1. Tell me, what is the FRET efficiency for A:Asp286 and B:Glu695 to the nearest 0.05, using R0 = 60 angstrom and their Cβ-Cβ distance as r?
2. Amide H of B:Asn586: which non-local residues (sequence gap of 5 or more, or other chain) have their own amide H closer than 5 Å, using H built in the peptide plane?
3. Within region B:54-91, what residues put their amide N at less than 12 Å from the label point 7 Å along the Cα-to-Cβ vector of B:Leu139?
4. For chain B, state the average projected area of the convex hull of the C-alpha atoms over all orientations, rounded to one decimal in nm².
5. Which net charge results when you count Lys and Arg as +1 and Asp and Glu as -1 among the other residues whose beta-carbon is under 10 Å from that of B:Leu782?
6. Can you compute 3J(HN,Hα) from phi for each residue in region B:496-510, using the Karplus curve 6.51 cos²θ - 1.76 cosθ + 1.60 with θ = phi - 60°, rounded to whole Hz and x for Gly and Pro?
7. So how do B:Thr282, B:Thr960, A:Thr212 line up by other beta-carbon neighbours within 10 Å, fewest first?
8. Counting only the backbone N, which residues of region B:514-538 are under 19 Å from the spot 7 Å out from the Cα of B:Glu110 toward its beta-carbon?
Amino acid sequence: MKQPLILEIKGNSLDDGPGIRSVVFFKGCPLACTWCHNPESKRMGVEIGFEARTCAGCDTCMGVCPEKAISRNNPFFIDRSTCTLCFQCVDTCPSGALSRIGSSMSVAEIVSQVIRDKPFYDTSGGGVTLSGGEPAMFMDFAGELLKALKAAGIHTLIETCGLFDPDRFNNCIYPWVDVIYYDIKLIDQDAHVRHCGVSNERILNNFKALNTCARDDEISIIPRTPLIPGITDTPENIKSIAEFLSSCGVSEARLLPYHPLWQEKNCKIGISPNTGNSPEMDQWLDNRVLENCRAIFEAAGISI
Amino acid sequence: MLLKTDAAGGTATGAKTGKTLTHLLVKTLLHTVAASFNFRPGLKKYLKTDQGWLDFTVGIRTESGSVETAICFKNGRVSVHKAIPADCEVTLIFASDAAVRKLLGATPTEQIFMLMKSHLRTVGNQSYMNLFFFFLSLLTHKKQKKLMAGEQTASLKALQKTAPEPKTALSDELRQRNTYRMQADAIDPGVKYLADPYLSDCSLSDFPRIKEFLEVHFTKTAEVCTERPKLVTDWYKKHGFETDAGGNSWIPELRQAHAFKYLMENRAPLIRKNDLIAGTTTSKEIGVVVYPDSHGTMIWGELLTVPHRSLNPYHISRQTVDLLHTEVFPYWARRNFKEWVRDQYGSPLCQAIDERFAVYFIWKQAALSHTIPDFPKIMSRGAAGIIEEIREQLVSGNISDTRQATLEAMILCLEGLIAYGNNLARQAGAEAAAETDPNRKAELEHLAEICRQVPAYPARNLDEAVNAMWVTWVGLHMENTNAGLSLGRLDHWLQPYFEADMASLESTDARQNYIRHAIEMVACFYMRCTDHLPLTPDLTNWYFGGSSSDQAITLGGVTPDGQDAVCDMTYIFLKVTEMLSIRDPNVNARFHPGINSDAYLKRLCEVNFITAATPSMHNDVAVMTSLEEFNYAPEDLRNWSATGCVEPTLSGRHIGHTNFQMMNMVAALEMALNNGRHPLMDWKLGPDTGLVAQEDFKHFDQFFNAFCRQFRFLIEQSIEYNNMLGRAHQYIRPTPLLSSLIGDCIEKGKDVTHGGARYNSSGAACIGLADVTDSLMVIKKLVFDEKQISFAELKKAVDENFENHPALYAMATKKVPLFGSGSDEAVEMAERIAKFAHDTYGSHTNYRGGKYTAGFWSMSNHVIYGTLSGALPSGKLAGKAFTPGLTPEPNASASLLDNIRDVARLNPRNMNNNIAFNVKVVPGGGDKREAIIDRMFSYVKTYFDLGGMQMQMNVVTSETLKDAMAHPENYRNLLVRISGYNAYFVTLNSDLQKELIERAEYGV
């Protein structure tokens, strides 16, 4: 069984499904979306992070780094080309500014952590959401986890980009989920390759198939579209998505307005923030754009 | 510095050091003061009162003796003396020459902080200190006013510089919350007549009368009222206080009763324009009640400046100033609780500690009023019926003189109450006769009829029940200080009257109208409760900022026989709470898991959302569990109500003085770190418990024990002072009227101050549980378990406020699991501290024969005690506020659920004076109301399911609070919950405002 690294387990989430939820973030994703709002979850392997605003400025780390890879002159603090990920600096950092990104957790460990909030799931109609990264990259593990959660009487939801082997998904994950949040980002295939690094053919096919069988099994599958300025929020793209969903018989979808907070996370893992030349990418999505997109969906008979 | 509690405040060593330039400066100034009073007739007249000359001496010196002089007022002459005489009334002792000079150039607020921060201390009679300040202000009040105005403009300017433009979208959002109103999706079994218990179809605009009252409430400045102090002082001057006209010692109960009756017979029977309820607590629209027998003389020094202070200003007329100064205060300079203790017990240490501000505050110096009277009794039997009951006791056989006097005193008080009711009836009749508007004429005639019936005789309907309650409430406040006297289960008690009235109505229309009338009646009652304010000296504005008199109402829960008590009136009170959104009465709601409905709890959440801060919610089961050890009768236990802030009192049967003190637990921690010395006061106060620098602590438990020993020392001192003040109440102000309305006093023939109530206890508010827990966790983990740092290093960093210790500061704040983070170990630590507090308080019996109890809430004192403490091992920096109540640190966890789970895990049995758990939640933009309420519901419901005791939510963002700080004009009614009580944010001192802004904020 491929063992994932877990990026974080976030409690009291109100935006990742119904009710009060815990979200388990998996590390690793098959897509490479340029706007990814969780950049630390893209790579599968462990990484080292540095958060400048948490740093106490004590310089303890510089004394312990065997590679002398840490310097205040480096805008990212750590020279990741020489860093061997020995994490000695992380272990001695008093403030937690230096951190290990991604930790190995067993299914039992995850369950024992999230089950503490079960009383809140019960009074709010909430539960646990698997997100990432892409949980479906770890079919067996995600399946085991979902199965264990269901056994504990917890409502489950998975957020997926849709790029997975459908048979494996049906065997491992599908039996144990109550809700599937399924991202549909771009309909144009070239654009999808350009912005997300891969073709969307499989994603769209998977959606069609899954949607049909979910409807029969009364499992809720809800497509979601992130509204990225100039990339996914164009009227053409939104219209195409609405048509596609309409043709699949979908009546409910979600729109996720863009926010620029991910850039800071990029800095943390040593990547320059790069939003291209689009000033809109530095701002929160204009509410009018959201309303236009909503109107397009609603015109196609899809409620938001 | 050595302990000095000698009455005269002379230098303890007797060794005189050389006098300094400051000494000369002070003497010169005092000579100027003396000359002014001796030669200016306009000033000299203030030396004389209707009882003769004001004779007293004030000593002024520094700790070292570098300054020492005294000013003596005697027979209308003022003189300056070289030495401080042994019989000097009061001495001001400055820490240093620099402190003397600083005080002379300080603004009024700076002067207050100098006193609180021990730059100077006082020894001796505080009334005379305040009188001396009054004399000084006669010379300097013009300059003081200018300084006060300067302070105000400077602070507002600074705020507006940071936020020049008001963010009206934020203030509008708050105002518009009440425009959307949910409907109930279920009806509770006790609701008989409301089709939609949430009463979503009515709003404030349906009640123009109430809207007008509300406008007055928010625009009218309160005024100091002399009615009560003048009338009672007149009576005592004529009839004597210690002895009667014949020279015989008074039985205090009887003396109080005669004075009370005189007061009630002679005070003006006022009916507010347009009101449906007759009677007022003062002769002003909004009056400040003066109780010179408790803390009244504390305002003496501020009589001329109180209208000009920035916080909580009052109007005060020149006549009032003169009357209080010449006729009232001199009579009471020694006849008040605090000074009685000083005289009787020779300035005890326990009092000296209280008067240094940083460690504890004993409320009995102002009031013993935290209780709930038996309103059902006055409503169902009337004062005349209770008099009958007392007479039966009187003739029941041979009873002692004291018992007889006590019972007669109760009768006199009830007669006073009846007399006031009769006067109101006459007044209503006269006003009705003169009234030209036919509607109002009818209302006044109705009022006259009501007042002819109540409070003398049983109430026959809701209108009479509410009026009976209010007139009794007025009487209780004429007898007892308006601090935390609480109202109890008004929904449950008024429901029978409402039901009977409704049953007599035939048509749906008549019933609909009557429901509106009931809402209006209750709203009038709420507004009546806002007609008085407590008297707060300016210092108190920093100690208890923004507090009114905290009249708690309690809704819901179960009936004495354990049935669901939620009823029509519960929802009517909630509707009024929602519409008015005012700070007082302080609304508390009981929720009984398994019995009370989800629809009720959701409504509590909706009202909390709309008002942003009220009601406070209690888990009935946890509160009752916390009281199990006292073996209260089950029907009395089920009849508990919140008192003052959050504390449980068994309604009508219990004197629990549930706020006998505010205790700063952090002081004990600081003293344990310093071998008994309190750093800010620089006073070796507590026992020797070991020196950190000498490595006296080899294990964590040794240090924990040191903390416990210091804490025990403070608890015992505070209890000693409380018991002394309790005896002062027995002598100065027993309360026969209240006693006649508290179960068993009549049967026992005993005043409540002597333990006449069926149940007795005294409750503490222990402050800083999260700060102490986290600090002990840091010491345990970093010093003892993980040995990452030495205790001495940590102590050094703490002493230096973590300056130049960034790594240590980071470790303390980031690497140790805190209370509220979901750590078992931190919860165990908090539990261990709470248990120690509970067991230690619980091992003591008070002067009324009841147990001491411990609670963990803080009113507003988590801010001032934070200001008066240094840095802590937890990383709290010097002068910063503690967390409110027992709320976890804002950075304990990113998830509110961890906070909720940890607080819920604490054992209620260790917290029998309740807790205050503050949560700040903010709705995300665009969320549906139902979704927001569902989430709030889920937090509270789960918290209660997990055993949590009490929870209170502020539903407002920090951004909004910041905008309100800079642009108060847009937020006059922005209600916030401090720790247990509500206040208007814009009336708070800036430290409290900042603390509210810095609280953790969670989306909802």
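1. Values: r = 64 Å, r/R0 = 1.06.
Computed FRET efficiency for A:Asp286 and B:Glu695 comes out at 0.40.
2. B:Gln551, B:Ala552, B:Ile553
3. B:71-72, B:78-80, by backbone N distance to the label point.
4. Values: hull surface 158.7 nm².
So the mean shadow area of the Cα hull is 39.7 nm².
5. Values: positive: B:Lys780, B:Lys781, B:Lys787, B:Lys815; negative: B:Asp785, B:Glu786, B:Glu793.
That sum, taken over residues with Cβ under 10 Å, equals +1.
6. Taking θ as phi minus 60°, the curve returns x, 5, 4, 4, 5, 4, 5, 5, 7, 9, 8, 8, 4, 4, 4 Hz for region B:496-510.
7. Values: B:Thr282 26, B:Thr960 22, A:Thr212 13.
In order of increasing Cβ crowding within 10 Å: A:Thr212, B:Thr960, B:Thr282.
8. Within reach of a label on B:Glu110, which here means backbone N under 19 Å from a point 7 Å along Cα→Cβ, region B:514-538 contributes B:538.
Each value in this text was obtained by applying a stated rule to the coordinates, not by laboratory testing. These figures come from a predicted structure and were not determined experimentally. Counting neighbours? That spans all protein chains shown, and the Cβs are built from the backbone with ideal geometry, glycine included.
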